[in-house]
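> To start, I am sharing the structure in question, which I have written as structure tokens.
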Amino acid sequence: MVDSRLGHWFKLLVSLMLLMKTQGLYVGITYVKSAVAKGAVCLDGSPPAYHWDKGFGTGINSWLIHFEMPFACDIKGGGWCNNVTSCLSRKKTHLGSSKLMGQQIAFSGIMNNKRPFNPDFYNWNRVKIRYCDGSSFTGDVQAVNPATNLHFRGARIWLAVIEDLLPKGLKNAENALLSGCSAGGLASILHCDSFRALLRMGTKVKCLSDAGYFIRVKDVSGAPHVQTYFNEIVTLHGSAKNLPLSCTSMLKPSFCFFPQYVAPQVRTPLFILNAAYDSWQIRNILAPSIADPLGVWKSCKLDINNCSPLQLKSMQDFRLQFLNALNKSINSSSRGLYIDSCYAHCQTETQEKWFMEDSPVLGKKKIAKAVGDWFYDRSPFQKIDCPYPCNPSCQNSDLAPPNNPEV
């Protein structure tokens, strides 16, 4: 009994030590105070912010610009705000005000500064842009209602941050990767070509979207819930003029918030990383609470192992719709594709999914290796996993949003 307890505590201690070792470092916040005069502000009018860990060695002229992932479980408090009420609630959090952001944030996964845990980008300049506008950095409404004092200026924030970084070395970049997760993954698609246009000729520029390929599909009740939701976001934030013209010239602006209508026209090399059973999309697009008033899906959404045969069939059907929506985006050899069968959402910011001994594997490669090989043109990568539950490397129970410690 004593030996058993000692063994348990030893394993726990080892796990804690490993977590501390792989967590990376804490990086201080930088406020872009000059942006306020340009109207580039968070929902509450406070200045935008980012965290920057300077590059070193061979990575001194390489830049990774990463859009922050919003940490929330449900669609109302997650990636975006779609009406005045939800935006008012959001501005009272770090997702709407830089005044409420932690002064330091942990860099892990693709942001890690240790080579064993981030082999290709560890010594780059790594920047995490804080997310405080609720529109995936697309909004731009000049008028501010004094009754709410809400500012819809996401597109201005994006430009202000890049303008602040250019004289700090970004203008001399030899390599540049624009990445993001969730709403940030969507932003990395929407701003991919404009990012390339902001950098000097000759810079090697690519983009990575992690868990940002949200699809237009009906929910389990048959309602077009996410289509309505995205339309409300685009309308409220005045996003239409900042969405890619290659899409808005042909379709309604709200359709151009869906990557399936934008990605095929993106000219800059783009890597799409997504779980075919994206846990956030299952919870909020396929089976949102409004479509499941009796909570039949509650246990299944928490853990895929709890799903009934009928629910699993719905999820398999969702996977097929996801792959169909993705099909037209695989139109170039410069595209990267890593579609695993994990029940997960965001795999670049968490060390255990990005690059660890037991990280997910597809085509004999972990995510970090596939992305690095693709960026440096060592080898292309376009793989789609077999249906669940065929991949034993998947950490299938994505029970909660990934940790993003702030202090």
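> Quick test for you: out of Lys328, Lys301, Lys313, pick the one residue that is of a type outside the set (Phe, Trp, Tyr) and closer than 21 Å to Trp80 by Cβ.
Working: Lys328 fails: closer than 21 Å to Trp80 by Cβ; Lys313 fails: closer than 21 Å to Trp80 by Cβ.
Result of the check over Lys328, Lys301, Lys313: Lys301.
> Against the conditions (1) open to solvent by 40 Å² or more (accessible area, probe 1.4 Å); (2) closer than 20 Å to Gly134 by Cβ, where does Pro224 fall short? Just the number, please.
Tallying (1) open to solvent by 40 Å² or more (accessible area, probe 1.4 Å); (2) closer than 20 Å to Gly134 by Cβ, Pro224 fails exactly one: (2).
> Further, regarding this structure: Please state which one of Pro259, Pro269 is closer than 16 Å to Ala183 by Cα and either in contact with a His (Cβ under 9 Å, 6 or more places away or on another chain) or in contact (Cβ under 8 Å) with a residue 60 or more places away in the chain (or both).
Working: Pro269 fails: closer than 16 Å to Ala183 by Cα.
One residue alone meets the criteria, Pro259.
> Regarding Phe318, is this residue of a type in the set (A, V, I, L, M, F, W, C) and in contact with a Leu (Cβ under 7 Å, 6 or more places away or on another chain)?
Working: of a type in the set (A, V, I, L, M, F, W, C): yes; in contact with a Leu (Cβ under 7 Å, 6 or more places away or on another chain): yes.
Spelling it out, Phe318 is indeed of a type in the set (A, V, I, L, M, F, W, C) and in contact with a Leu (Cβ under 7 Å, 6 or more places away or on another chain).
> Identify the residue in region 187-216 that is buried (at least 20 other Cβ atoms within 10 Å of the Cβ) and among the β-branched types (Val, Ile, Thr) and, among all such residues, is farthest from Ser289 (Cα to Cα).
Out of the qualifying residues, it is Val205.
> Given the structure, is Val296 open to solvent by 30 Å² or more (accessible area, probe 1.4 Å) and over 18 Å from Leu362 (Cα atoms)? Write out each step before concluding.
Working: open to solvent by 30 Å² or more (accessible area, probe 1.4 Å): yes; over 18 Å from Leu362 (Cα atoms): yes.
When the stated conditions are applied, Val296 passes them.
> Given Pro401, Pro405, which one is in contact with a Phe, Trp or Tyr (Cβ under 7 Å, 6 or more places away or on another chain), at pLDDT below 95 and either closer than 19 Å to Pro116 by Cβ or open to solvent by 20 Å² or more (accessible area, probe 1.4 Å) (or both)? Spell out the reasoning first.
Working: Pro405 fails: in contact with a Phe, Trp or Tyr (Cβ under 7 Å, 6 or more places away or on another chain).
Just one listed residue meets the conditions, Pro401.
> Starting from region 321-344, keep only residues that are modelled with pLDDT of 95 or more and open to solvent by 10 Å² or more (accessible area, probe 1.4 Å), then list their pairs with residues that are among the β-branched types (Val, Ile, Thr) and not in a strand (DSSP E or B) whose Cβ atoms are within a distance under 8 Å, requiring at least 6 positions of separation or different chains.
The qualifying pairs are Gln321/Ile215; Gln321/Val217; Ala325/Ile215; Ala325/Val217.
> Scan the helices (runs of 4 or more DSSP H) fully inside region 200-266 and keep the ones with 2 or more residues being hydroxyl-bearing (Ser, Thr, Tyr).
Numbers: elements: 225-237, 245-248, 259-262.
Answer list for region 200-266: 225-237, 245-248.
> How many residues are in a strand (DSSP E or B) and not β-branched (Val, Ile, Thr) when one looks only at region 83-117? First the steps, then the outcome.
The initial filter retains those residues of region 83-117 that are in a strand (DSSP E or B), namely 104-106.
Pick out the ones that are also not β-branched (Val, Ile, Thr) and you get 104, 106.
Residues meeting the conditions: 2.
> Considering each residue of region 115-140, count those that are over 22 Å from Lys206 (Cα atoms) and surrounded by 17 or more Cβ atoms within 10 Å (Cβ to Cβ), and give that number. Spell out the reasoning first.
Initial filter on region 115-140 (over 22 Å from Lys206 (Cα atoms)): 116, 132-135, 139-140.
Remaining after also requiring surrounded by 17 or more Cβ atoms within 10 Å (Cβ to Cβ): 132-135, 139-140.
Final tally of qualifying residues: 6.
> Taking the criterion of being among the charged types (D, E, K, R), touching a helix residue (DSSP H, G or I) at 6+ places or on another chain (Cβ under 8 Å) and under 27 Å from Trp297 (Cβ atoms), would at least one residue in region 342-350 satisfy it? Spell out how you get there, then give the answer.
First pass over region 342-350, keeping only residues among the charged types (D, E, K, R): 349.
From the residues that got through so far, the ones that are touching a helix residue (DSSP H, G or I) at 6+ places or on another chain (Cβ under 8 Å) too are 349.
Subsequent filtering for residues that are under 27 Å from Trp297 (Cβ atoms) retains 349.
Yes, the conditions are met somewhere in region 342-350.
> Hey, another quick one. Suppose we keep only residues that are open to solvent by 10 Å² or more (accessible area, probe 1.4 Å) and in contact (Cβ under 8 Å) with a residue 60 or more places away in the chain within region 353-371. Which one would you say is nearest to Gln311 (Cα to Cα)?
Lys353
> All but one of (1) in contact (Cβ under 8 Å) with a residue 24 or more places away in the chain; (2) over 13 Å from Glu68 (Cα atoms); (3) in contact with a Phe, Trp or Tyr (Cβ under 9 Å, 6 or more places away or on another chain) hold for Arg115, so report the exception by its number.
Going through (1) in contact (Cβ under 8 Å) with a residue 24 or more places away in the chain; (2) over 13 Å from Glu68 (Cα atoms); (3) in contact with a Phe, Trp or Tyr (Cβ under 9 Å, 6 or more places away or on another chain) one by one, Arg115 breaks only (1).
> Now for a different question. Taking the condition modelled with pLDDT of 95 or more and either assigned to a loop (DSSP other than H, G, I, E, B) or open to solvent by 10 Å² or more (accessible area, probe 1.4 Å) (or both), does Leu177 pass?
Working: modelled with pLDDT of 95 or more: yes; either assigned to a loop (DSSP other than H, G, I, E, B) or open to solvent by 10 Å² or more (accessible area, probe 1.4 Å) (or both): no.
Criteria not met by Leu177.
> Kindly list, by first and then second residue, each pair from a residue in region 206-229 that is more than 13 Å from Gln281 (Cα to Cα) and free of Cβ contacts under 8 Å to residues at least 24 places away in the same chain to a residue that is open to solvent by 10 Å² or more (accessible area, probe 1.4 Å) and assigned to a loop (DSSP other than H, G, I, E, B), limited to pairs with Cβ atoms under 6 Å and residues at least 6 apart or on different chains.
Between residues of region 206-229 that are more than 13 Å from Gln281 (Cα to Cα) and free of Cβ contacts under 8 Å to residues at least 24 places away in the same chain and residues that are open to solvent by 10 Å² or more (accessible area, probe 1.4 Å) and assigned to a loop (DSSP other than H, G, I, E, B), the close pairs are Pro224/Lys218.
> Scan region 177-196 residue by residue and report those that are touching a strand residue (DSSP E or B) at 6+ places or on another chain (Cβ under 9 Å) and of a type in the set (A, V, I, L, M, F, W, C).
Pass one, region 177-196, residues touching a strand residue (DSSP E or B) at 6+ places or on another chain (Cβ under 9 Å): 177-189, 191-193, 195-196.
Hits for region 177-196 are Leu177, Leu178, Cys181, Ala183, Leu186, Ala187, Ile189, Cys192, Phe195.
> Need the failing condition index for Ser188 against (1) within 30 Å of Val296 (Cα to Cα); (2) outside any loop (DSSP other than H, G, I, E, B), just the number.
Tallying (1) within 30 Å of Val296 (Cα to Cα); (2) outside any loop (DSSP other than H, G, I, E, B), Ser188 fails exactly one: (1).
> Also, quick follow-up: Can you tell me which condition Ser279 does not meet? The list is (1) small (Gly, Ala, Ser); (2) within 30 Å of Cys390 (Cα to Cα); (3) open to solvent by 50 Å² or more (accessible area, probe 1.4 Å), and all the others hold.
Every condition holds for Ser279 apart from (3).
The values are calculated or read from the model by the stated rules, or taken from the named source; none is laboratory data. Owing to the predicted nature of the structure, the values given are computational and were not obtained by experimental measurement. Cβ atoms come from the backbone with ideal geometry, glycine included; neighbour counts cover every protein chain shown. Keep in mind that these areas ignore ligands, DNA and RNA; they rest on the heavy atoms of the full protein, side chains included. Shrake-Rupley method; radii C 1.70, N 1.55, O 1.52, S 1.80 Å.
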